[in-house]
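Data block below; observations after.
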Amino acid sequence: MEKWSLMTITVLLALTVRWTVSLGSYSGAGKPPMYGDYEAQRHWQEVTYNLPIRQWYFNTSENNLLYWGLDYPPLTAYHSLLCAYVAKLINPDWIALHTSRGYESQPHKLFMRTTVLVADLLVYIPAVILYCFSLKETSAKKKASIRALCILLYPGLILIDHGHFQYPCSAVTLGFALWAVLYLSYDWYLLGSAAFCLALNYKQMELYHSLPFFCYLLGKCFKRGLKGKGLVLLTKIAGTVVVSFTVCWLPFCTDTEQIMQVLRRLFPIDRGLFEACMFSSPPPHSQLANIWCSLSVLIKIKNIVSPQTQLKLSFAVTFLSLLPTCIKLTVQPSLRAFKFALVSCALSFFLFSFQVHEKSILLVAVPVCLIINEIPFMATWFLLVSTFSSMLPLLLKDGLLLAYAVTTLAFLSVCVAAFSIFEKTSAEDLQLKPFSLSLKGHVSRFKSFPKIVRSLFLLSVTLMGGLSVMSAAVHPPPRLPDLLPVCVSVTSCLHFVLFLVYFNVVILWDSKNSRSQKKIS
Amino acid sequence: ARGGAMAAGARRWFRALALGVSFLKCLLIPAYYSTDFEVHRNWLAITHNLPLSQWYYEATSEWTLDYPPFFAWFECALSHVAKYFDPKMLVIENLNYTSRATVFFQRFSVIFTDILFIYAVHECCRCVNGKRATKDILEKPAFILAVLLLWNFGLLIVDHIHFQYNGFLFGLMLLSAARLCQKRYLEGALLFAILLHFKHIYVYVAPAYGIYLLRSYCFTANNADGSLKWRSFSLLHVTLLGLIVCLVSALSLGPFIVLGQLPQVISRLFPFRRGLCHAYWAPNFWALYNAMDKALTIFGLKCNFLDPTKIPKASMTGGLVQEFQHTVLPSVTPLATLICTFIAILPSVFCLWFKPQGPRGFLQCLVLCALSSFMFGWHVHEKAILLAILPLSLLSVQRAKDAGIYLILTTTGHFSLFPLLFTPPELPIKILLMLLFTVYSFSSLKSLFRRERPLLNWLETIYLIQLVPLEIFCEIIFPLTPWKQHFPFVPLLLTSVYCALGVTYAWLKLYVSVLTERSTVRQKAE
């Protein structure tokens, strides 16, 4: 079969799964007064359509910011406006100012689901397809489609976008980020940085990825010589960034107060850093696989350390965990290292920074999808954990348990069938060869390594499956109502810390050793 | 060792395919379901609560039990699991009852019983042996056949969205066909006899089974030129076959004969009171006949050949009325359709008798029987086209000629199933799944037969491509036009007439190819 028909089948399959998931319920369906993310998206359409741009981010009599106020960058707002125009054509009631609050109906659900699918189809899916074709490989042509199938079937993204309902989060933002990676892999630095700026202007969480982008581009400039070509390139990139930001923010550039207000909405520092997620221990609302949340099970950090120190602490830890990767990337900017750095930086942010949202794990998961080709076993494992960790409580609340179970199992079986992951657990397949070589003097028994890794994987999958079943079926004992959510978050946090260590090891022991090894062989 | 590795690879891929489609079926659980859902819920309730003697008399709901006894027993068995899910669905008076648990149970029962279908497909794939050994597993005939059967679009939407239990019934049919191909005749006959008592629509293909068994099992040898050796008749084999059929029938109908209810059961199974065509015309000969009648009527009115006052009113509202009265052409009686069907089936059966082609001939005859009865049967449902499509898949991966016919028949036949799902949320699903299946079947069969001449000629290609504008017109443009109020039946009419052309063409083409084929047995003998 030709590769294009295989790819078409892959995309059709991905779209079918997306649409079938979207037949289910969404967040906050029929739950007044606040509803959920679905209502937030609808409300933004209402606000952006009916109010002048100057009032979008301001608390006015027409715009109550406490009711799902706009707190994403301008591009999200423009996207909402665009959707609102379409909505107006179909049924003006959907976006009528004030009166449409909490509007729910079958046609409206259909409309909202369609907008997500269209956004996905226009931004994310083409990026994935082109990325899979761009990977240079001598092996069979069908590999690209199979890889694309694995990436497109990643359950986390499907469930959040098409089940839970949210598009600024995933399809579009991550799609733009993917476009940026794609451009960078072709050495089109300017287009890449422009695409990344779009992603950043779609959702501020994309800052998780900004450091690797910055370091990679900087490293490329250094490589060309800081005085000659490198400086020119650096100036060009800086110019592109400034221009794309200006274009995105143009309507808000009328006065500084506007810009400041938008920034305040995006980074609500005055709202109190720690109310959100970081150290808040009453877990029913936000039980997160973040390190701070997990630590708070043992130590009540909130009671020991003052808020100011908490901020400093988290900043310091995040910075320290990022530092090695970034330095390495700046010194040796290679595409491979860049992709790994995207993963490890985002994971560090997720684990250590403050005000983390559970859906932010997607920012780690999508870069992991990019390296699924190189470390299929670990990538599959990570993607499973990521779906399990943050989505489970969310999806239980939304009544998407069936979709969660089915898509996760489907993803696992596709990965097993496509990559035969269980045969790829040796140190070499895990890209740990250089590391193990450097340890050779100290660690003698490395032979049973693949077996150990396999059994660890099975243990972890069993644990996750068991916890999923229990969270769905078992009522926790009345004395410990949060027992299961805490178990879930601690388990996944443990996983994430190990993954962070693993990714850092791979990055730090990478190129030099493997290159020298190749020379020897 | 390499063969072993290949077999292991094939097994892994088959498992992935079966698992994948099962997951897709699970995702379709929240989708729309038709009144058939209530039909089966009602049958669950009837068989659970009432004694055997009242199964075929109970008429609280309008959806009375009209399947043969084995299916009733099947529902009875299901109902004993259902009571653990939601006992309220087993109350006969709870008409149109639904709950989450009910939906889950019913949907899962379909998915679960499909295991039989998956097993049958597995057995069918073993019967198919590719001539050319390709390294690529994706281009092996067995693999392509597995996808074409497991991921069959029609079966997916009829069973898992519209809601019916066709999966395991087709599983029984394919399994019996596979057993016949493997020369395990008695097993095949037993399975088919059981199948007949599950759903009597399969009686359409019974001639193929009967003649094939008679020809290749009851007569144990052929002459050198392939003609029948009358002296090789085996009384033992006939007795065995007869015994099997009688035993199965006794098991199924026996209790009702003892109770003296056989006429009642029969009258429930064959309701000839219904009209010639279903509310939505199945794309068969009668759809063309009706359309012709309508066209002639309009033409006659325009040219004043006809008197407007004499025309029955119902005929102008078209497909919405069950009883369709013809104005120009003669009206059709059940007996007429029966005779037409019989005549249409006859040549294929003769062919099977006089030009035995082994299992392939049997499958061809099976498809022709199914298609012919679909073309001329009384009150045919559009879903009955699956009866021809699924066995034809087996042929399509073996010969380029059949592959071309298969592509025409599946595409038009599946397209004609579109009106089954008319709710907006299911629109993308049906289009996506249809595209998925069509793209796969075209590209895989094309690459399988890439060394031979093209599968479709230009006329057939144009015909198939025009389905796209037709769908766009019916689903998107037409609802926006003012005609929607006055002529709501136009999209259905267009769809069924356009598809009827394709189905008729495929039927004729298959018939011609079977009739003109030379006997291969003779060549082998030489």
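Read-outs throughout are calculated quantities, based only on the coordinates presented, and are distinct from any laboratory measurement. A quick note: this is a predicted structure, and the numbers were derived from the prediction, not measured. Cβ coordinates were reconstructed from backbone atoms using ideal geometry, including for glycine residues, and neighbour counts include every protein chain displayed.
Taking a ≥ b ≥ c as the square roots of the eigenvalues of the Cα gyration tensor of segment A:54-134, is the shape rounded (a/c under 1.5), prolate (a/b larger than b/c) or oblate? Verdict is oblate for segment A:54-134.
Residues A:Thr325, B:Thr333, arranged from fewest to most other Cβ atoms within 10 angstrom of their Cβ, appear as B:Thr333, A:Thr325.
Quick one: if you take sqrt(5λ) for each eigenvalue of the C-alpha gyration tensor of chain A, what semi-axes come out, biggest first, whole angstrom? Write down the numbers at each step before the final one.
Details: eigenvalues 248, 160, 126 Å².
Ellipsoid semi-axes (Å, largest first): 35, 28, 25.
Taking each residue as 0.36 nm, the span from B:Lys229 to B:Ala250 lengthens on full extension beyond its C-alpha to C-alpha distance by 4.2 nm.
Taking 60 Å as R0, compute the FRET efficiency from the Cβ-Cβ separation of B:Phe108 and A:Met260 and round it to 0.05. Please report the intermediate quantities before stating the final value.
Values: r = 56 Å, r/R0 = 0.94.
Efficiency computed from Cβ-Cβ geometry: 0.60.
If the chain linking B:Ser34 and B:Arg100 were pulled fully straight, counting 0.36 nm for each residue of separation and taking away their Cα-Cα distance, it would gain 22.2 nm.
In order along segment B:412-429, phi translates into HN-Hα couplings of 5, x, 5, 4, 5, 7, 3, x, 4, 10, 10, 7, x, x, 8, 4, x, 4 Hz, rounded to whole numbers, per the Karplus curve 6.51 cos²θ - 1.76 cosθ + 1.60 with θ = phi - 60° and x for Gly and Pro.
Phi angles across segment A:110-120 convert, under the Karplus curve 6.51 cos²θ - 1.76 cosθ + 1.60 with θ = phi - 60°, into 3J(HN,Hα) values of 4, 4, 4, 4, 5, 4, 5, 4, 5, 4, 4 Hz, Gly and Pro given as x. Across all directions, the average flat footprint of the convex hull enclosing the Cα atoms of segment B:316-417 is 7.8 nm². Each residue, A:Val242 and A:Leu226, gets one label point 7 Å from its Cα in the Cβ direction; the gap between the two is 2.0 nm.
Over the C-alpha atoms of segment A:1-89, the Rg to Rh ratio, Rh being the Kirkwood estimate, stands at 1.15. Counting only DSSP H runs of at least 4 residues, each contributing -39500 (n - 2.57), and dividing by the residue count of the protein assembly as shown, the helix-based mean residue ellipticity at 222 nm comes to -20500 deg cm²/dmol. Using the alpha-carbon positions of the protein assembly as shown, Rg (one decimal) and Dmax (whole number) come out as 32.8, 105 Å.
If I take R0 = 22 Å and measure r between the Cβ atoms of A:Ala316 and A:Ser210 in this structure, what FRET efficiency does the formula 1/(1 + (r/R0)^6) give, to the nearest 0.05? All intermediate terms of the calculation are to be shown ahead of the outcome.
Values: r = 19 Å, r/R0 = 0.86.
With R0 = 22 Å, the Cβ-Cβ based efficiency is 0.70.
Remark: relative contact order (chain B) = 17 percent; criterion is Cα-Cα distance under 8 angstrom and separation of 6 or more residues.
Using bins of 20 Å that start at zero, the share of Cα-Cα pairs per bin across chain B amounts to 20, 55, 24, 1, 0, in whole %.
How high is the FRET efficiency between B:Val258 and A:Leu480 when r is their beta carbon distance and R₀ equals 56 Å, given to the nearest 0.05?
0.35
As a size descriptor, the averaged projected area of the C-alpha convex hull of segment B:273-521 was calculated at 15.4 nm².
Taking a quarter of the surface of the Cα convex hull of segment B:105-198, what do you get in nm²?
Here the figure is 6.7 nm², rounded to one decimal.
Report the far tail of the P(r) of segment B:198-301, meaning the percent of Cα-Cα pairs longer than 18 Å. When every Cα pair of segment B:198-301 is considered, 71 percent fall beyond 18 Å. A simple spin-label model places pseudo-atoms 7 Å from Cα toward Cβ; at A:Ser306 and B:Arg126 they are separated by 7.8 nm.
Here segment B:380-526 is treated as a Stokes sphere of Kirkwood radius computed over C-alpha pairs; at 10 °C and 1.306 mPa s its diffusion coefficient rounds to 94 µm²/s. By the compact-protein rule of thumb, 2.2 N^0.38 Å, the alpha-carbon radius of gyration of segment B:446-526 corresponds to a ratio of 1.68. Applying a threshold of 20 Å to the alpha-carbon distances of A:Lys3/A:Lys143; B:Lys199/B:Lys355; A:Lys3/B:Lys140; A:Lys397/B:Lys25 flags B:Lys199/B:Lys355; A:Lys397/B:Lys25 as lying beyond it.
If we sort B:354-363, A:459-468 on the protection proxy, mean other Cβ atoms within 10 Å, highest first, what's the order?
Details: B:354-363: 19.3, A:459-468: 15.5.
Highest-to-lowest ranking by the protection proxy: B:354-363, A:459-468.
For the pair A:Leu130 and A:Val501, the difference between a 0.36 nm per residue extended length and the Cα-Cα distance amounts to 130.5 nm. The simple spin-label model puts a point 7 Å past each Cα toward its Cβ; for B:Glu62 and B:Arg184 those points are separated by 4.5 nm. About the centre of its Cα atoms, segment B:273-521 shows a dipole size close to 440 debye [charges on the beta carbon of Lys, Arg (+1) and Asp, Glu (-1) only; nearest 20 debye]. Using the alpha-carbon positions of segment B:35-98, Rg (one decimal) and Dmax (whole number) come out as 10.4, 27 Å. The phi-based Karplus calculation (6.51 cos²θ - 1.76 cosθ + 1.60; θ = phi - 60°) puts the 3J(HN,Hα) values of segment A:342-354 at 4, 5, 6, 5, 4, 5, 4, 4, 4, 7, 10, 7, 9 Hz, whole numbers, x for Gly and Pro.
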